[in-house]
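Colleague: Structure below; questions to follow.
Since every read-out is calculated from the coordinates, none of them should be taken as a lab result. Quick caveat, the model's predicted, so the values are computed rather than measured. Cβ coordinates were reconstructed from backbone atoms using ideal geometry, including for glycine residues, and neighbour counts include every protein chain displayed.
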Amino acid sequence: MKTLSSKSVYICSKCDYRSSQWLGRCPHCGAWNTMEESTETRQTPSRTVGTTGEQATHAVPLDELVEDECKRTVTHISELDRVLGGGIVDGSVILLAGEPGIGKSTLLMQLCGTLGEEQKILYVSGEESRPQLKLRATRIGTIGKGILLLTETDLDTILNEFDRVKPDILIVDSVQTIFSSNSDSAPGSITQVRECAGALMQMAKTRGSSVILVGHVNKEGGIAGPKVLEHMVDAVLYFEGDRSSMHRILRSTKNRYGSTGEIGVFEMSSDGLREVTNPSAMLLAERPLGVSGSCAVCIMEGTRPILAEVQALVTPTSAPAPRRGANGIDYNRLYLLLAVLEKRLGLRFSVCDVYVNVIGGLRIDDVGADAAIALALISSIRDIVIPSDLIAIGEIGLAGEIRRVTSGSRRVSEAARLGFTSIALPKQSAAEKLPGGVSIIPLTGIYDALSLLADVK
Ligand code: TYD
Ligand code: MG
């Protein structure tokens, strides 16, 4: 027996903070105008009548539990499998989030192509018509065996069809377009997104189907949807990239069945997304030679080292507040590095405009990239070209010291594989066992980086 009660709450669409009254500014994340009204219907289970199911009623000793091997369906898209931790775990719920137009529907249609033969897939689209879906499928070469398409936005109709078809995998593109007639809120609002996703997940759990929900996010990463769903689902995959560039990166920010931090790299082509198995080579392919301000960088993405190019442009300015532009690296990190270089090396960045750009839409969070960014900045302000076979790895501290990085030897192997022969590494990392065939330049502080370039001239 269950009792129903309903109350109004205000939920921040950015951080999911809840309040019983409307507020202009969210006290948790500080965002303005993000509190949305939501009616919550609470189902309170009766205390006298227990819920059914053995799991819910008894606590069981952990050591008596038999390890239930989670069965995975390998998607045959190896970059996707890598991010998922080896495939889709049967019965799991995955959220695929990204900006509109980034390629979510394309990736899922390709998934239909690789899995359609083995699995029954129900693809629900609330955004596109059947001819549009067919056109995309033909364009990317998805034949369509085993795939059922449903162009529908009404939750009840979708649930009925789900129940009738009993698919192995349910794809909902996108969760913001689906609406439930039980709620008066508009499609895409927090209440609707939460209710629709909840109903779909519940149905999927009882049927043992896997669910992939597509969620749109805006540039700020907000808007009702993905953020409120993150804690409900088993895995969250973000599809990122600059729409103007062809590269796309799939990143997992939550994964109950695998590690986070792994990335998958794709390239958008005229016939769909192509996997990039050698991203370092691709990201370095168009590196200009003989120009100052360009330095190769090696970052770790999960267990995988990736090489990219970081570019800096430093130009004198007479403006009282010089400009700083950072694309692909954190602004604060750029300010910190500039302050360290100015203080410790006496380089006058404070009278220059500074722009830093990471090529290929890659976003660098790894502090191991500090040394390369610093070298690119020094190279640009001094107008000294960095040799094309040199790569710098290391974290820079406030005292100007260059600190040890994680996975030093893996980074060195990847750099060596791509033809780098001089590898500047923090002294401690250089003392580790490293692959041979390359010359290692130990760095203690940024003065070493400066003298590295001074030697070039
Ligand atoms: P789409 O998958 O519709 O994005 P999302 O579902 O994330 O909104 O794809 C978006 C873009 O990709 C679209 O602008 C066209 C482009 N595209 C290609 O370049 N090649 C292709 O083969 C396909 C299918 C799409
Ligand atoms: Mg789409």
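Colleague: Note down the nm distance, to one decimal, between modelled labels 7 Å out along Cα→Cβ at A31 and at A321.
Modeller: About 2.5 nm, to one decimal.
Colleague: Take every Cα-Cα distance within region 152-200, group them into 5 Å bins from 0 onward, and report for each bin the whole-number percent of pairs it holds.
Modeller: Reading the bins upward from 0: 4, 24, 34, 22, 10, 4, 0.
Colleague: Cα-based Rg (one decimal) and Dmax (whole number) for region 116-196, in Å?
Modeller: 13.5, 40
Colleague: Does a label point 7 Å from the Cα of S409, set along Cα-to-beta-carbon, have any residues of region 300-337 with amide nitrogen under 17 Å, and which are they?
Modeller: Only 303-305 fall inside the zone, counting backbone N under 17 Å.
Colleague: Work out the length of the dipole vector of region 95-136 about its Cα centre, built from +1 on the beta-carbon of each Lys and Arg and -1 on the beta-carbon of each Asp and Glu, and round it to the nearest 20 debye.
Modeller: My answer is approximately 120 debye.
Colleague: Write down the Kirkwood hydrodynamic radius of the chain, to one decimal in angstroms, obtained as one divided by the mean of 1/r over all alpha carbon pairs.
Modeller: Taking the inverse mean of 1/r over all distinct Cα pairs, the chain comes out at 24.8 Å.
Colleague: Here's a follow-up. Given 0.36 nm per residue, what is the gain on full extension from K205 to S19 after removing their alpha carbon distance, in nm?
Modeller: Roughly 63.9 nm would be gained on extension.
Colleague: Packing-wise, with mean Cβ within 10 Å as the measure, how do 380-389, 230-239 rank, highest first?
Modeller: 230-239, 380-389
Colleague: I've got another one for you. Quick one: putting +1 on the C-beta of Lys and Arg, -1 on the C-beta of Asp and Glu, what dipole do you get for the chain around its Cα centre, in Debye to the nearest 20?
Modeller: Approximately 720 debye in magnitude.
Colleague: Starting from the 7 Å offset along Cα-to-Cβ, what nm value, one decimal, do you get for the label separation of Q428 and E230?
Modeller: About 3.0 nm, to one decimal.
Colleague: Please identify the cysteines of the chain that lack any partner cysteine with a Cβ under 4.7 Å from their own Cβ.
Modeller: C70, C112, C196, C295, C298, C352
Colleague: Residues with beta-carbon under 15 Å from that of P167, excluding P167: net charge, scoring Lys, Arg +1 and Asp, Glu -1?
Modeller: Charge balance in the 15 Å sphere: -2.
Colleague: Calculate the all-directions average of the projected area of region 308-457's alpha-carbon convex hull, and give it in nm².
Modeller: 8.3
Colleague: Would you mind ranking D370, D242, D81 by Cβ crowding within 10 Å, fewest neighbours first?
Modeller: Fewest to most other Cβ atoms nearby, the residues stand as D242, D81, D370.
Colleague: With a 10 Å radius around each residue's Cβ, average the other Cβ atoms per peptide and rank 330-339, 357-366, highest first.
Modeller: Taking the mean over residues of other Cβ atoms within 10 Å, the ranking is 357-366, 330-339.
Colleague: Something else: For every helix of n ≥ 4 consecutive DSSP H residues, a contribution of -39,500 (n - 2.57) applies; sum these over the chain, divide by its total residues, and give [θ] at 222 nm rounded to the nearest 500 deg cm²/dmol.
Modeller: Using -39500 (n - 2.57) per qualifying helix, the result is -8000 deg cm²/dmol.
Colleague: List residues of region 130-157, by number, whose backbone nitrogen lies under 18 Å from a label position 7 Å along Cα→C-beta of S181.
Modeller: Residues 151-157 qualify, since their backbone N sits under 18 Å from the label point.
Colleague: Cα convex hull of region 151-265: how many Å³ per residue?
Modeller: Looking at region 151-265, the number lands at 123 Å³ per residue.
Colleague: Could you tell me the ratio Rg/Rh of region 256-322? Both radii from Cα atoms, Rh via Kirkwood.
Modeller: Over the Cα atoms of region 256-322, Rg/Rh equals 1.14.
Colleague: Which whole-number value in Å³ per residue fits the convex hull of the alpha carbons of region 230-357?
Modeller: Looking at region 230-357, the number lands at 170 Å³ per residue.
Colleague: Turning to a different aspect of this structure: Semi-axes of the equivalent ellipsoid of region 353-396: what are they in whole Å, largest first, if each equals the square root of 5 times a C-alpha gyration tensor eigenvalue?
Modeller: Ellipsoid semi-axes (Å, largest first): 17, 13, 11.
Colleague: If you rank V66, V276 by fewest surrounding Cβ atoms within 10 Å, what's the result?
Modeller: Listing V66, V276 from fewest to most nearby Cβ atoms yields V66, V276.
Colleague: Next question, about the same structure. How big is Rg to Rh over region 60-183, alpha-carbon atoms, Rh as the Kirkwood inverse-mean-distance radius?
Modeller: Radius of gyration over Kirkwood radius for region 60-183 works out to 1.02.
Colleague: Another question about this same structure. Using 7 Å Cα-to-Cβ label points, what is the E127/T277 separation (nm, one decimal)?
Modeller: Those two pseudo-labels are separated by 3.0 nm.
Colleague: OK, next. Return the Cα extents of region 334-374 along principal axes one, two and three, sorted largest first, each rounded to a whole Å.
Modeller: The Cα atoms of region 334-374 stretch 31, 21, 13 Å along their principal axes.
Colleague: Within the P(r) computed for region 380-439, what percentage of the Cα pairs occupies the region above 17 Å?
Modeller: 42
Colleague: Would you mind ranking I77, I171, I140 so that the residue whose beta carbon has the fewest other beta carbons within 10 Å leads the list?
Modeller: I140, I77, I171
Colleague: About the Cα centre of region 312-432, what is the dipole size in debye to 20, counting +1 per Lys and Arg Cβ and -1 per Asp and Glu Cβ, all else neutral?
Modeller: 140
Colleague: Starting from 0.36 nm per residue, how many nanometres of slack lie between A399 and T153 once their C-alpha separation is accounted for?
Modeller: That pair, A399 and T153, stretches by 82.8 nm at full extension.
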